[in-house]
């Protein structure tokens, strides 16, 4: 155990679900991920990529089939029948739907006070103080403490859910599509809040979302997920300016920009395969415009190609300056032709 | 280009227990052959109401006035018989969630051929052939196999394509798409948008695209009308309106969006307040309580949609008027 | 299923804001002011008072056979006299002392047993769930009254045994409700949140789950009081409950069927049953509307 290690680390995490009479589904197939305190890591991917499962295994709601989750250098115990330890409770989650993530029959203040009351054995008074303090941090009026969740709008409820989690003084918070159920204004407000809280309280955030525009705005580092695996991870600006993985390239290119040119994005061929039957070799190869022989047979590991950037693609080599897939493909074909 | 749909002064009022509530008012626009016409606005702005009003799909207690002329016929006040002829045959619609707009218990073949046979009175094999043609047009692989399948066998993107195929069965002149890609992944969305674009280029189909997503509008809509609180507040060519917005609301909407190349550390600037509900509409310009440029007259009088070049604007203040 | 308001793009919040109502109120005031609520509460309270005060307000001794038999209703005997010369009014009033407390007892005990078993079954699942649910299924397989009759017949007809039989027959309904509620809640996100914040299973059950369960259970119990009174009267009517000369309404109705010409003997006890059962049903309905913090009925009545 490294005492100096802070933050969250997923180490070769696999999650497989067995199904009766059918092939098992490997929703997460070997993910390595780190989140440092104060850092915002965005995880993007489309339907079927496994990001929700990843959120749950990262926070301990699901036990990994293999691999482990480490929090501040100590192995995380998945939630079982026993009571969660104080240490493990420094890792929390905010769910997507603010209507179902708060108990409709308990007062807001009571729910926020759970963290301090249970974990820190706070007295009624100090718990109450903490509740009021947190409400102020998230921009909700103090009177909210004595009201019920249904009296608030979606955006406010999401902020209350964040407050509940923050009251437990976590070092890492996983957020599973926290903005998807909110309207545009509320999205902007909650996104701003998350950035501010992360910086002010030095909390690491793992922000899982399908909305690339918001992730681009908010995250320091972005990881792109496809069919259970991370195919590329890089600092946000670098990923957007030159994505190295063909899927990441297609994804980023497909995001519409208001006021942008009327150029329709290229369509990615085919459909996402059934996670129970992933293609051999590189999982993206059947849909990849640059695929060649090696892609069909050998699976590319996620390798660091330059500082802070990693890609899982045979077109890219470590140490080589990152260039776009189309450029790499052209030079690769030229190499092959030369023999 | 020929005008297919001419909407003038369309208004919808709703009878509620507390009185008459105006849902949309004074809506004007024209849709041309082969054009993709965008209707933008947040939820509750009246964008869906407008098309439902045109098609006579509003429930009892709704009063529609104004004109919506299609093929020389005014759809407003056209009896249910007449409207049923036009719906599906001349004007068709696809919705946001293909899971609920496709019948879960009928095969694809049944869904596609039912209304085809109703409108065109053709036999089963002719209808089937047409169905296969349509499925190929929307690029569903293995069209023959698809006919026997049920909606739940397909992914979201495929289902939306099928919904479009169903809508196109009788070769309508106008296709109304209400948030067709909102529930889809962004790469799947790209495919659907391309499909709509291809269809209009090849067949002259006019598309009315309703969405709150201004990015999608930028990609596909030729012209755009922005709705707020039941009225059109700005309209014009899409790229114009979205790169040089003149109405404070349009400007505010654009400013609130994360900019792909903008400063990352700058917080997003959401519009303050919320859109008013139809029963609590502010006097004068509905946007004035949230507008940083509002003056006394904004509260007193309703702004008229004025034509300025190829733009229409309902804001006498026009704060972003460029120096001409 | 969206309310009609949503079709028009109005959200619930819009409607609430526009009409200045809070969800716990209907247009004419709170739930408790509604006509049915007022009727229900007044009636049930009135009967409770009768049950308590019967010894003092009853004009005659319910067991005394002093008067002439089969007297029609008159000033001295407002409900007439029965086949043994007993005052029907007094017997009806005293009947409340029997039916109402027993009904409460019945519902209370069945409720507690059912809730505990249902909670264990729902939360822990597995073998406990199987055992409880199979036992419940066994009870559900038979019509309530038939099963109760069988149990009473086995134990020997008496009011006490009738109550025992009904408890045995009613607890599964509670168990099933509570189990269903808990199953639905077990996997809800707020339960996971609490557990991630260090809450133990017991704490989750008491603090998170119970508040959501208490409401529906109380409503069901209130409604069940009416049913309990009916069942008790039913068993007595069949001769399996109260033994003569106990003034229990059901047996009084039974007596009345033997003397149809003297309509007052059976009708008044029957009316008593009717009004009490209705009263508790109204109370139950009102409780249900009032206890749901998101009562959709308040919004439905708007547009």
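The values are calculated or read from the model by the stated rules, or taken from the named source; none is laboratory data. Remember, it's a predicted structure, so these values are computed and weren't measured experimentally. Positions of Cβ are backbone-derived with ideal geometry, glycine not excepted, and every protein chain shown enters the neighbour counts.
Observations, loosely collected:
- Odd one out for residue B:263, checked against (1) within 9 Å of another protein chain (Cβ to nearest Cβ); (2) at pLDDT below 85: (1)
- Residue in segment A:127-149 that is within 12 Å of chain C (Cβ to nearest Cβ), in contact with a helix residue (DSSP H, G or I) (Cβ under 9 Å, 6 or more places away or on another chain) and not in a helix (DSSP H, G or I) present: yes
- The sole residue among C:211, C:247, C:157 that is modelled with pLDDT under 90, part of a loop (DSSP other than H, G, I, E, B) and out of contact with any helix residue (DSSP H, G or I) (no Cβ under 8 Å at 6 or more places or on another chain) is C:157.
- Comparison of A:69, A:44 shows that the only residue that is buried (at least 20 other Cβ atoms within 10 Å of the Cβ), away from chain B (no Cβ under 14 Å), within 15 Å of the chain's Cα centre (by Cα) and modelled with pLDDT of 95 or more is A:69.
- Between A:10, A:76, the distinction of being without any contact (Cβ under 8 Å) to a residue 24 or more places away in the chain, more than 10 Å from every other protein chain (Cβ to nearest Cβ), in contact with a helix residue (DSSP H, G or I) (Cβ under 8 Å, 6 or more places away or on another chain) and buried (at least 18 other Cβ atoms within 10 Å of the Cβ) belongs to A:76 only.
- Selection of segment C:177-201 for residues being assigned to a helix (DSSP H, G or I) and at the interface with another protein chain (Cβ under 10 Å from one of its Cβ atoms) yields C:185, C:189, C:190, C:191, C:192, C:193, C:194, C:195, C:196, C:201.
- Of the helices (runs of 4 or more DSSP H) lying entirely inside segment A:212-331, those containing at least 2 residues that are within 18 Å of residue A:41 (Cβ to Cβ) and under 19 Å from the mean Cα position of the chain (by Cα) are A:212-218, A:236-241, A:246-254.
- Residue A:93 vs. criteria within 7 Å of chain C (Cβ to nearest Cβ), crowded, with 22+ Cβ neighbours inside 10 Å and in contact with a strand residue (DSSP E or B) (Cβ under 6 Å, 6 or more places away or on another chain): yes
- Taking the criterion of being surrounded by fewer than 17 Cβ atoms within 10 Å (Cβ to Cβ) and more than 15 Å from the chain's Cα centre (by Cα), the residues of segment B:1-50 that qualify are B:1, B:2, B:3, B:8, B:9, B:15, B:17, B:18, B:19, B:20, B:33.
- Residue check, residue A:106 within 9 Å of chain C (Cβ to nearest Cβ), over 23 Å from residue A:9 (Cα atoms) and surrounded by fewer than 22 Cβ atoms within 10 Å (Cβ to Cβ): yes
- Filtering segment A:167-185 to residues that are at pLDDT below 90 and either farther than 18 Å from residue A:100 by Cα or within 8 Å of chain B (Cβ to nearest Cβ) (or both) leaves A:183, A:184, A:185.
- Counted as qualifying within segment B:216-324 are the strands (runs of 3 or more DSSP E) with 1 or more residues that are surrounded by fewer than 20 Cβ atoms within 10 Å (Cβ to Cβ), namely B:231-237, B:306-308, B:311-313.
- Put simply, of A:218, A:224 the only residue that is crowded, with 23+ Cβ neighbours inside 10 Å, at pLDDT below 95 and under 26 Å from residue B:184 (Cα atoms) is A:218.
For (1) surrounded by fewer than 24 Cβ atoms within 10 Å (Cβ to Cβ); (2) in contact with a helix residue (DSSP H, G or I) (Cβ under 9 Å, 6 or more places away or on another chain); (3) not in a strand (DSSP E or B), each residue gets a yes or a no:
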position	(1), (2), (3)
A:161	no, yes, yes
A:164	no, yes, yes
A:169	yes, yes, yes
A:175	no, yes, no
A:187	no, yes, yes
A:197	yes, yes, yes
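- Residue B:108 at negative phi and buried (at least 17 other Cβ atoms within 10 Å of the Cβ): yes
- From the options A:190, A:195, residue that is within 14 Å of chain B (Cβ to nearest Cβ), closer than 29 Å to residue A:129 by Cα, out of contact with any strand residue (DSSP E or B) (no Cβ under 9 Å at 6 or more places or on another chain) and at pLDDT 90 or above: A:190
- Candidate set: segment A:111-126, residues that are under 30 Å from residue C:181 (Cβ atoms) and more than 8 Å from every other protein chain (Cβ to nearest Cβ); chosen: the one surrounded by the most Cβ atoms within 10 Å (Cβ to Cβ): A:112
- Selection within segment B:56-67: residues that are surrounded by 19 or more Cβ atoms within 10 Å (Cβ to Cβ) and modelled with pLDDT of 90 or more. The member of this set that is nearest to the other protein chains (Cβ to nearest Cβ) is B:64.
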